[in-house]
Every structure is written in C-alpha cells, then in structure tokens.
Amino acid sequence: MKKNLITILILVFPGCLYCQEKILSGEILNIAEELASDENDQETVNLYLEQLYELRENTVKINSSDETELSRLFFLTAFQIRSLADHITHKGPLESVYEIPLITGFDRAVAEIMAPFIDFSHTFQNDRNRMRCLHTLLANFMISPGENDTTLAGSSFRLLTKYKFTTGRFSGGFTSDKDKGEKMFDFISGNLAFTGSGMVRKIIAGDFSFRSGQGIHINTGIRTGLSLTSAGYMAVRNEIKPYTSAGENNFFRGVAAQMAYKKAGMIIFLSHNNLDATLTANDDSSQYTVTSFQETGIHSTSSELNKKDAVSETVLGASLTYRFRSLNGGITYSGSMFSLPLLPEKSDPEKVFDFDGKTNHILSAHYNSLLNRLLLSGEISVSNFEDIAMVQGITLRPCDRLTLNMLLRNYSPGYTAFHATSPGSSSSGRNEQGILGNFRFEAARHLFISAGCDLSRYPWLRYRTSFPSVAKRMELRFSYNPSENLAADMAFSYRYAMLDEDGGPGMAGIYESENKIFRARISYRISPNLALLTRFDHKMVQPAGDRGMLFLQDITVTLRSVPVSIWFRYCLFSTDSWESRLYAYENDLLYSFSIPALSGKGSVSCLMMKWKFMRRAEMRIKYSVRSVMKDADYFSEKDELKMQMRIWF
Amino acid sequence: MYSLQRIIVSLVVFFSFSAAFCDNPFLIKGGPGEAGMGSVCIMHSGFWSSFSNQALLALNDSWSAGFNYQSRFNIQELGTTTAAAVFPAGNSSVGLIFSHFGYSEFRRSMTGAACGLQLTESIAAGLQIDYFFENFSADYDSYHSVTFEAGLFFRPSERVSAAIHVFNPVPASLRNTMMPSTLRAGAGIQLGSTIFAGAEAEMSTGEKLILKSGLEYGVSENLWLRGGFSSEFTSFSFGLGYMLRWLRIDLSFVTHERLGISSAASLVFKIK
C-alpha cells in the first residue's frame, strides 16, 4: 500500500506547479518549534497551535476597534492593541495588511504575523446575516499504515471531530477525540455560549477555559511570553472562552458567567470535572489517595485506562476587576476540592513541597497600568494562605523603533495552582525565581534585531535535577523583510541547564548541558501561486560535542485551473545523538500539528493537498514518510496518512 | 606527468581554487566549468550545469553536444567519462546524458533523460529520469536502479538568480540498494557585465551540510577564469574556459586537503 501511495503522489506532484496559501510567519513557527522542544510541557504547543488554527478559521475582525476582539491576537502587546484600536477609531477602517506597519507600534514583521489571522470586513452586518445559523463540521482521520500494535486497547487510527454553530448571540459545539490505540469516543467535550453586549457579557455552559491576570493563578489557555524574543510578555487578561480543544485535562466543565457594569467587571464560575490520576491504596485498602496526575490524555493501555477519570475536581471561583483611568486592577479567588486526597510520595525529596490534602484555595490580585510609553503589570497570588507566587513586568517603548521588556518572577516551591500557566521558562509555575529581559529594535529599514536573556534559579529539586540549580537562555535574532515576497531571518540561541549526571548509585553528579543553535531561514514568493522556503539549522551540544544539522526545502503551489493547493517538503537531517536532535514544524491539517524531533541520519518527505469544492467544503490530505538510516544499507521508515473533511453551511 | 600536474597546481593555488567533489557519488555536478567554481552550478546557466539543475536546460538556445573527462587524484581507476546532448524546442529543452565511472572490477554508469521548461519569463523547472547500472567483478551481482531529480530556477531580479534542486527524493523502502538523496539551494548575482558570483548549500543523506561559493570572471568575450571554495574537505578550485566559434573548451582543477588534485576537461560543440 505504501509503495502505491508514494508512486501516486510522485506522479501527481510534478504535474501541478502553482499555489497560494496563507503562510504562517517564521516567528510563529519558531515559537511552535521552541515549545515542542520542551519535553516537560507538550501541552503548551498543542494549545498554541490550536489557538492559531482557531484564529485562522475564525479570523479577528480588525476593523471592529473593540479591544476584546483585537486581544484575541494573543501575540500582540497591550500597547499594540490599544494603538490599533485608537487608529481605527480616529482614522477609520483598514483596507489591507500593508497599512498595518504604518500604525504606531507596528512594523512589517508584526503585520506578517497577523496576516493569516485577520480580516478587514466591516463588523456591522445586517440582522438577517447575524441571525443566520452557521454550522461547521470538521473530521480528521490519521493513520500510520506501517504500524500494527496489537497490545493497544483500540484501533490504531486517530479520529478528531469538531462541530460548531453560531446564530446571533448564541454559539455552541462539541469536540470528540479518539487517540491512537484508544476506544471510540474516548473524549467528548461540548459547550453552549451566549454573548451579550449589556450587563451580561458572556454565559457558557459546558466546557470552558478561564484566564485571570497574568495566569499565575488561573490560565487554562496559552501562557504569556512564549518566546524569549517575543514582545507579548505583559498580557493581562480576564476572560472566559468556550473550550474547543482536544486536550483532555486542563479545562473547566460547568457554568461560567462574565458580567460588566460601567468600569467594573466580574466573572464567576463553577466546575466539576474528572481527571486522570494514579491512585494508591493504603495498607488495608480502605482509603485511596492520589499520588500523581496523568496529563497525556492517552488511554490506550490497561494501566492508562485504570487511571482515566480516577478523581474528580470541583472548582468554584470569582474574579472582580475595576478600571480606573490608566489602571486596571482585579482580584480573583478560586477553590479546588478533590474527591480523593492528594498524597504524593514525600519520601522522594523532589516532592517534599508538593501539595497534599483535598482542598486548595488561591487568592490573587493583579494590575496593569499604561503610562504613556511605559506599561506596568503584575500579579501576586497565594495558595492556601501559605505559599506565594508573584510576577512583575515592565514594558518600555522609548521610541517607535525600540521596545524593551523586563519580567521578574518568584514562584515559591510550595505554591500550587492546578490550573495556572505562568509566564517564564517553567511550565509548572512553581519553584522558580527568574529575571527575563528582551528588546526588539528596528535597526534599519526592513531590518529588525531582537534579543532576549532569561536567567532562572530553581531553589528546590526538580525533574532530572536532584539539587538546587540554575538555567540560562539567550537568543539573538535578525529579521530582514525587504518586501512582502521575501523574508529572511537568522537566529542564534544558547541554552544552559544543570541536570543529573548519569552514573552509578549514590548522589548524582552535576551535568552542565549547553546547547547552541544557529538557524537561517529564507522564504520567497516567486509568483502569486508559487512560494518557496529554505531553511538550515545547526546545533551543537556540549560537553558531548555532538552536532545536528538540518536542511529543508518547502514548495507551496496553487493550481490555476482548480481550487487545489499543494505543499511539498523535502528535509534532510543528520544528528550525532538524541541530545542534538532538531525540530521542524510541518504544515498539517487544521487542528492537528506535527513538529517531529529529528534525530539520527535521514530524511522527511511530506506532501499535502488542499481542495476546496462546492464553496462549502474543503478536503485536506497529507502523506509523510520519515526515513532514518540504521546502518549503511538499512533504513527504518515511518509513514503517516492524514485526511480531513471540513463542511460549513 | 606528475611534475606537470605539480606545475599547474603551483600556478593555480595562488588564486585559490578547489574541488568539491561529489559527496553523493550518484549525483552529476556539472562539468569543469562548474567544478572550477567550487561546484556552484544550480543557478548558473551552462551546458553541463543543465544536468545539475534540469531547470537550466530551458535556458539553452542551441543544439549542443559535449564530452567531459574527470580524473580524480590522477588515478586512472577513479576516472569519469561523460557525454551529453541538449535539444532546444521553443520554451523547453530536452537533454540526454551518459556517464561512466570505474574500471574492470567496479563500474557505475548512468543514463539520464531530462526536460527543462520555461514556466514564465523568470521561472523555469526541470525533471530528469536517471537509470543507474552498477557492475562488480564476476563474483557479485549487478545492480540496476531508477530515480529522478528535479530543479527549479528563478530570477528574483535581473541580476540575481536562485535555484533549488533535489536528487532522489524517493523513500528508501522503494529500492533494494542504498542511494543517497541530495538537496541543494543556491543563489548567484551578476556583478557588472563580467563577474558572476554564487553560493550554494548542499546536503546529502547522512552527511553534513556543505557550503560552496564560486566566482567566474570574463576576461574577454571568449575567455573565462573561475575560482571557488567548498567547505567539504576545505577544498579550493580553479578553472578556465575558452570559446572558439562553435567549440567551447573548459578545464578545472580541484584540491582535496588530503588526497591531492582532481582535474577535468570538456569539449562542448554548438551544432545549431
């Protein structure tokens, strides 16, 4: 079957040579790859890309001048959102993406990032259109034809289904996901939402996500400050949103309401949800306790199925905000109650500060203030009236060509917030002190320089590090965008971390790991229908001295005669070890992503076709093969076939 | 013979020159004209480079045929003989190539049929089907294999040219023997009317990335001098070309940091 598929794809490709797909900017893809390389936090990249897909599908109405609508572009800073809203209010609607760099606080690079996610339609539609019921149905089917694992509980394919409707102020939908090896309908999520413009702004029944302040207390969405050199570190938001992701753990299930009266705002919510966890019985099996949560969302083996929905969590909370002249402030309270007590293995020194008990109360306060060219924001949170986490950020824009950010954070080892996603380098939002600074400078016309440095200190032990440790991250990036058809960027990044040294029994030694990565990427649109991207990565790992290299070529083509676009990638990689592995984002189906870790010596070939038909349907097919050299004459190969059908009416 | 080679090398090493030589032994990397420029060839039009990037075939405007002999390190057993012909037909051109490498104990020959097509004024694309035959001494089997290579050439501006080329982008499971794949991308610029400078990146399966750069200087209407550098084996190259009325002669010399010099010579006849 594989041979036939490949033969068909090879025969089909040379015949079609033209394409026009909105290409995600290099910066967006860099962030995705950076997130994917963090083995401890795979959920973030999922959320990040899902949010981008959602934005791509449900684009932001940029001419609405509504800051809430504009803030859906989560990578923009508060400065940029305010500046954009002011520009539209005072100078009228924008007509094209080329106008964006002319707005204070924006440049061509930012406009390029925004381009796939915005539309310029005027917001006021007639009532007939607004009341019309719009339905969108999407189904993704994914299978690895060469794999046949009989030990799994269910079939080997993955199936994701999403349905959404909107009619006037009401919207709703459901998501169903079956991962590889799981039984059908392993995860089902749904919601109904009402959006109002009066005192009641939003009501959601079903699954929802909630974010308050900087996210150190509650943030079930994407975390602030994804990339070391990105500007959007200071986002302070209070919002509830319908949950449409396929992630199976970090969301709320219940009812939430958002209200506003003059300058005051309030969000209240109640949630009851089941979580996957590892349970341990006491000596006489009369009492079970939770030793750890399982966050992968995979239930394909009997042990994983035993952990499914093992414990329930009830959360209630409220958030109050008030807007003064240039100051926004708020307080948030949440209480989590578990059906079984949490009792981690305290004999493990790493877990000494881990939460134990059944109830966790968190109280936090946050603010942000925009004073001319200075933005201050911060949040302080206390869990169970014992352990504190705080974050303080400053953004300064001394001139239009320069933006400076600084972020100070201090999360105590015992601080516990089960639904937090804090800014900074750590995904857990605890046991970390750090300072981060970055700048972005328009050095010359079309030439941007950005750099960032993050110094972290972990006062207590953490995963694979049996001692208090420090970590450093640095990045320097040059971007050159001389025209809308050409973009080039080069980046050098450095990572330092302290880890346990592999060795015999006894106290672990210190292994100081250093990674240096150089990346160069150039994308060029030759014609409206044909775009190319060439990229080269080089990684060096010390002290092992291992190297990794990657060279890839993308071609994106839109056929002229039929509404079909084709994306082709050929990538060669060569790495000395797993430590020197590299990551390369691949175009994929909507709500599915692929950022494989490329290790060893081999190649990746991908072909994806998108076909829009009957004005109400779209089909995508992707086939990819990854070959890795095992010895001089033998390759191990893994192929994957993905199909997607999307219908809207 | 050896002393003659030393004299030549002594002369050319002053100018810096080189020889990147095929990391991927199945891949044809042009003739002496390209070897003299550090094998920077996929974006620089010419007779032999048309078989390094088939998109360049479309830029040929006359019927031509050529012969090329490459001597690696002056070892007869490592010599490669190549013959090729190009037939232009409007916006497209067809090319045929035959190459033979080896000696009585091991031979590898390649036959290729290529087509290049001018898609727009500034874009050309090309495809070549390759057939390889490898013959060992009597006790071993012979191998046959078929693959393809494809290239794209475009001009972002009047003076700048760029190209990409991929060789054998076929999953290994489709063949019985190992054949490395190669990916190349490069760009060049015409500086004034006499100088062309280019740079190219190349990577083959399981190998490190190679960076190459080269320069061609038109001394007069009929004479070209070339120099280049390749990061692979830190090699320098030098070459020259001379055009008679219907005959073009090219020579190249490529250094290897350990193994010495490789040289090549070619004759290209413009028939029509």
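The values are calculated or read from the model by the stated rules, or taken from the named source; none is laboratory data. Not measured: the values here are computed from a predicted model. Ideal geometry is used to build each Cβ from the backbone, glycine not excepted, and the neighbour counts take in all protein chains shown.
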Matching residues, the range A:85-95, being part of a helix (DSSP H, G or I) and surrounded by fewer than 16 Cβ atoms within 10 Å (Cβ to Cβ): A:ASP86, A:THR89, A:HIS90, A:LYS91
Quick check, is B:THR182 touching a Lys or Arg at 6+ places or on another chain (Cβ under 8 Å) and buried (at least 22 other Cβ atoms within 10 Å of the Cβ)? no
Go through (1) surrounded by fewer than 14 Cβ atoms within 10 Å (Cβ to Cβ); (2) among the basic types (Lys, Arg); (3) farther than 19 Å from A:GLN294 by Cα one by one and return the number of the condition A:LYS346 breaks. (3)
Considering residues of the range A:386-417 that are in a loop (DSSP other than H, G, I, E, B) and touching a strand residue (DSSP E or B) at 6+ places or on another chain (Cβ under 7 Å) only, the residue surrounded by the fewest Cβ atoms within 10 Å (Cβ to Cβ): A:ARG401
Of everything in the range A:587-617 that's closer than 14 Å to A:ILE566 by Cβ and part of a strand (DSSP E or B), which residue is nearest to the other protein chains (Cβ to nearest Cβ)? A:SER605
Just give me the residues in the range B:186-204 being without any contact (Cβ under 8 Å) to a residue 40 or more places away in the chain and either part of a strand (DSSP E or B) or closer than 27 Å to A:TYR570 by Cα (or both), in sequence order. B:ILE189, B:GLN190, B:LEU191, B:ILE195, B:ALA197, B:ALA201, B:MET203
Across the range A:482-502, the tally of residues that are away from every other protein chain (no Cβ under 14 Å) and either of a type outside the set (Asp, Glu) or in contact with a Leu (Cβ under 9 Å, 6 or more places away or on another chain) (or both) stands at 9
If we take the range A:503-576, then strands (runs of 3 or more DSSP E) inside it with 3 or more residues that are within 10 Å of another protein chain (Cβ to nearest Cβ), surrounded by 20 or more Cβ atoms within 10 Å (Cβ to Cβ) and of a type outside the set (Gly, Ala, Ser) are A:530-542, A:546-558, A:564-575
Of (1) at pLDDT 85 or above; (2) surrounded by fewer than 24 Cβ atoms within 10 Å (Cβ to Cβ), A:ARG237 fails just (1)
Looking only at the range B:168-195, and only at residues there that are more than 10 Å from every other protein chain (Cβ to nearest Cβ) and among the hydrophobic types (A, V, I, L, M, F, W, C), the one that is nearest to B:SER213 (Cα to Cα): B:ILE189
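Quick grid of which residues meet (1) in contact with a Ser or Thr (Cβ under 8 Å, 6 or more places away or on another chain); (2) among the polar types (S, T, N, Q); (3) in a loop (DSSP other than H, G, I, E, B):
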site	(1), (2), (3)
A:PRO145	no, no, yes
A:ASN148	yes, yes, yes
A:THR151	yes, yes, yes
A:SER156	yes, yes, yes
A:LEU160	yes, no, no
A:LYS180	yes, no, yes
A:LYS183	no, no, yes
Would you point out which residue out of A:SER339, A:SER326 is surrounded by fewer than 20 Cβ atoms within 10 Å (Cβ to Cβ) and under 23 Å from A:MET259 (Cα atoms)? A:SER326
Among the listed residues A:MET629, A:MET643, identify the single one that is surrounded by fewer than 21 Cβ atoms within 10 Å (Cβ to Cβ), within 14 Å of chain B (Cβ to nearest Cβ) and not in a loop (DSSP other than H, G, I, E, B). A:MET629
Considering only the range A:33-51, I want to know if a residue exists there that is at pLDDT below 65, part of a helix (DSSP H, G or I), within 14 Å of chain B (Cβ to nearest Cβ) and out of contact with any Phe, Trp or Tyr (no Cβ under 9 Å at 6 or more places or on another chain). no
The range A:355-384, residues that are loosely packed, with under 15 Cβ neighbours inside 10 Å and closer than 19 Å to A:GLU432 by Cα: none
Considering only residues of the range B:120-160 that are among the polar types (S, T, N, Q) and within 12 Å of chain A (Cβ to nearest Cβ), which is surrounded by the fewest Cβ atoms within 10 Å (Cβ to Cβ)? B:SER157
Subset tally (residues that are in contact with a Leu (Cβ under 8 Å, 6 or more places away or on another chain) and within 27 Å of B:LEU209 (Cα to Cα)) for the range B:253-272: 2
Of all the residues that make up the range B:172-216, how many are closer than 18 Å to B:VAL160 by Cβ and more than 18 Å from the chain's Cα centre (by Cα)? 7
Strands (runs of 3 or more DSSP E) fully within the range A:194-290 counting 2 or more residues that are under 30 Å from A:GLU345 (Cβ atoms): A:252-261, A:264-275, A:277-281
Name the residue, out of A:PHE418, A:PHE478, A:PHE448, A:PHE439, that is more than 25 Å from A:ASP500 (Cβ to Cβ) and in contact with a helix residue (DSSP H, G or I) (Cβ under 8 Å, 6 or more places away or on another chain). A:PHE448
Kindly provide the set of residues from the range A:425-473 that are surrounded by fewer than 19 Cβ atoms within 10 Å (Cβ to Cβ), assigned to a strand (DSSP E or B) and in contact with a Leu (Cβ under 6 Å, 6 or more places away or on another chain), ordered by number. A:ILE435, A:PHE439, A:PHE441, A:ALA451, A:LYS472
For the range A:68-84, which positions are in a helix (DSSP H, G or I) and under 25 Å from A:THR229 (Cβ atoms)? A:LEU70, A:ALA78, A:PHE79, A:GLN80, A:ILE81, A:ARG82, A:SER83, A:LEU84
Of all residues in the range B:72-82, which are surrounded by 15 or more Cβ atoms within 10 Å (Cβ to Cβ) and modelled with pLDDT of 90 or more? B:THR80, B:THR82
Of the residues in the range B:38-72, those that are of a type in the set (A, V, I, L, M) and touching a Ser or Thr at 6+ places or on another chain (Cβ under 7 Å) come to B:VAL40, B:ILE42, B:MET43, B:LEU56, B:LEU57, B:ALA58, B:LEU59
So which strands (runs of 3 or more DSSP E) are wholly in the range B:72-185 and hold at least 2 residues that are aromatic (Phe, Trp, Tyr) and farther than 26 Å from B:LEU259 by Cβ? B:123-136, B:143-154
Yes or no: A:SER624 more than 22 Å from A:ASN515 (Cβ to Cβ) and touching a Ser or Thr at 6+ places or on another chain (Cβ under 6 Å)? no
Evaluate the following for B:GLY206: is it small (Gly, Ala, Ser), in contact with a helix residue (DSSP H, G or I) (Cβ under 7 Å, 6 or more places away or on another chain) and within 12 Å of chain A (Cβ to nearest Cβ)? no
Residue identified as of a type in the set (S, T, N, Q), surrounded by 15 or more Cβ atoms within 10 Å (Cβ to Cβ) and over 24 Å from the mean Cα position of the chain (by Cα) among A:GLN287, A:GLN258: A:GLN258
